[in-house]
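**Q** Okay, handing you the structure first.
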Amino acid sequence: MNKKDLNKNLHKAKVNKEDEFYTQLTDIEKELKYYKKHFKNKVVYCNCDDPRVSNFFHYFSYNFEKLGLKKLITTCYQNQDMDLFTKSDSKQAIYLEYSGDKNNNSIPDIQEIGVNYLKGDGDFRSEESIELLKQADIVVTNPPFSLFREYIAQLIEYDKKFLIIGNQNAATTKETFSLIKENKIWLGYKSGDMEFKVPSHYEARKTRYRQDETGQKWRSLGNICWYTNLDIAKRHEDLILYKPYNKKDYANYENYSAINVDKVADIPMDYDGVMGVPVTFLSKYNPNQFEILGQTHSGDISKEVESLRTDVKKKHRGIIDGKQKYARILVRNKRL
Ligand SMILES: C[S@@+](CC[C@H](N)C(=O)[O-])C[C@H]1O[C@@H](n2cnc3c(N)ncnc32)[C@H](O)[C@@H]1O
């Protein structure tokens, strides 16, 4: 193997390695409590989840009756061992099917869980995983961060309802942003910090890392959110605006016909033109209150953004006093 290919493979391995972030049960419970009405009589599919240790499997199997689920299907990736985290050492994987408590002890016992062998490694893109996906009504998981775009594209292609964990940065990628702009997907309740268990082979870090008294390694990320297309009360709640617009605090960009707003809380209550707001706005977005037009990004060549550009040579982020501001979402208040 030449040096270039070797580097490429090492990079790939590193990216793969960084996919093993295991979600805590409390984080799942805190989010899922807002979605209970959606699950009645539904088939839930967790397609990136190691059997038994996945807290998504745990949550849905233990709450199966309470949610009134029809069936729970869970596939693991490259693993056959019911009780271990993925070690990515097996080419074959298994999937579990659970149809509820049979012996009335309110516990998903091992003999009540159907264990089936997959032909392949359980990749969510494989034909057999797609067959399981087709059976599902709602997909809920924390998918591999490195494959997020492909993952969400597949859910859209198969027209599935979903609730998944992702990085907030993914919201501004071309594909995901278009889905948000078209109100096909939105952000769930929790956005911000989340701590995950990581495998023992993950290296220690100076920040956002700890090892607990049992030796378990933990890493946290500050920009995590949930993406969903299940309706939630939050997206119908108006963001309370209280600041009046003035020319001094809300400068116009030099390259967009829009004003700059540095904090979501500072969005003026009485400005009916286009505003560039921080990306964190997306977690407060109510489509009845605001319209999303695009982003201050050279990759956004939508007609809405092109029509706001005032300098064809400066298609990048918004400029004020000769300096580029952070990436902004271009929005308009629909209530004015
Ligand atoms: C961020 S972790 C989350 C694990 C689990 N869903 C949870 O929340 O605890 C993503 C998982 O996806 C698995 N994975 C990586 N590539 C995959 C693929 N192509 N198909 C299915 N799963 C994959 C990883 O092994 C990893 O366990």
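**Q** Please specify each residue of region 307-324 satisfying the condition of being surrounded by fewer than 18 Cβ atoms within 10 Å (Cβ to Cβ) and within 30 Å of GLU237 (Cα to Cα).
**A** Answer for region 307-324, where residues must be surrounded by fewer than 18 Cβ atoms within 10 Å (Cβ to Cβ) and within 30 Å of GLU237 (Cα to Cα): just SER307.
**Q** Which of the residues that make up region 79-107 are at pLDDT below 90 and closer than 15 Å to CYS46 by Cβ?
**A** ASN79, MET82, PHE85, THR86, ALA93, ILE94, listed by residue number.
**Q** Here is a further query. Search region 98-107 for residues being part of a loop (DSSP other than H, G, I, E, B) and either free of Cβ contacts under 8 Å to residues at least 24 places away in the same chain or in contact with a strand residue (DSSP E or B) (Cβ under 6 Å, 6 or more places away or on another chain) (or both), and hand back the single one that is surrounded by the fewest Cβ atoms within 10 Å (Cβ to Cβ).
**A** Restricting to residues being part of a loop (DSSP other than H, G, I, E, B) and either free of Cβ contacts under 8 Å to residues at least 24 places away in the same chain or in contact with a strand residue (DSSP E or B) (Cβ under 6 Å, 6 or more places away or on another chain) (or both), the top hit is ASN104.
**Q** Just checking, which of LEU155, LEU187, LEU163 is over 21 Å from GLY122 (Cα atoms) and among the hydrophobic types (A, V, I, L, M, F, W, C)?
**A** The unique qualifying residue is LEU187.
**Q** Within region 40-58, which residues are under 19 Å from the mean Cα position of the chain (by Cα) and either aromatic (Phe, Trp, Tyr) or farther than 30 Å from ASP121 by Cβ (or both)? Give the steps one after another, and end with the answer.
**A** Initially, region 40-58 is screened for residues under 19 Å from the mean Cα position of the chain (by Cα), giving 44-50, 54-57.
Scanning region 40-58 gives TYR45, PHE56, PHE57.
**Q** Can you confirm whether TYR253 is among the hydroxyl-bearing types (Ser, Thr, Tyr) and open to solvent by 60 Å² or more (accessible area, probe 1.4 Å)?
**A** no
**Q** Considering only residues that are of a type in the set (Phe, Trp, Tyr) and near the ligand (Cβ under 9 Å from one of its atoms), look in region 119-166 and name the one that is most open to solvent (accessible area, probe 1.4 Å).
**A** The residue in question is PHE145.
**Q** So is ASN142 modelled with pLDDT under 95 and of a type outside the set (Phe, Trp, Tyr) or not?
**A** Details: modelled with pLDDT under 95: no; of a type outside the set (Phe, Trp, Tyr): yes.
Considered against the rule, which asks whether it is modelled with pLDDT under 95 and of a type outside the set (Phe, Trp, Tyr), ASN142 comes out as no.
**Q** Could you grab me the full set of residues in region 21-40 that are among the charged types (D, E, K, R) and either away from the ligand (no atom under 16 Å from the Cβ) or open to solvent by less than 30 Å² (accessible area, probe 1.4 Å) (or both)? Don't jump to the end; show me each part of the working.
**A** Applying the first criterion (among the charged types (D, E, K, R)) to region 21-40 yields 27, 29-31, 33, 36-37, 40.
Listed by number, the residues that qualify are ASP27, GLU31, LYS33, LYS36, LYS37, LYS40.
**Q** Next up: Tally the residues that are of a type in the set (S, T, N, Q) and surrounded by 13 or more Cβ atoms within 10 Å (Cβ to Cβ), restricting the search to region 177-215.
**A** The qualifying residues number 3.
**Q** Just one of (1) out of contact with any strand residue (DSSP E or B) (no Cβ under 6 Å at 6 or more places or on another chain); (2) of a type in the set (Ser, Thr, Tyr); (3) over 24 Å from ILE240 (Cα atoms) trips up TYR285, so point out which.
**A** It fails just one condition, (3).
**Q** So, one more: Considering each residue of region 301-330, count those that are within 22 Å of the chain's Cα centre (by Cα) and closer than 22 Å to ASP272 by Cβ, and give that number.
**A** So the answer is 3.
**Q** Let me ask another. Among the residues of region 217-228, what is the count of those that are open to solvent by less than 20 Å² (accessible area, probe 1.4 Å) and of a type outside the set (A, V, I, L, M)?
**A** 5
**Q** Then there's this: With the requirement that a residue be of a type in the set (Ser, Thr, Tyr), in contact (Cβ under 8 Å) with a residue 40 or more places away in the chain and in a loop (DSSP other than H, G, I, E, B), what does region 229-258 give you?
**A** TYR253, SER257
The values are calculated or read from the model by the stated rules, or taken from the named source; none is laboratory data. Just so you know, these numbers come straight off a predicted model, no measurement behind them. Every residue, glycine among them, receives a Cβ derived from its backbone with ideal geometry; neighbour counts consider all protein chains shown. Keep in mind that these areas ignore ligands, DNA and RNA; they rest on the heavy atoms of the full protein, side chains included. Shrake-Rupley method; radii C 1.70, N 1.55, O 1.52, S 1.80 Å.
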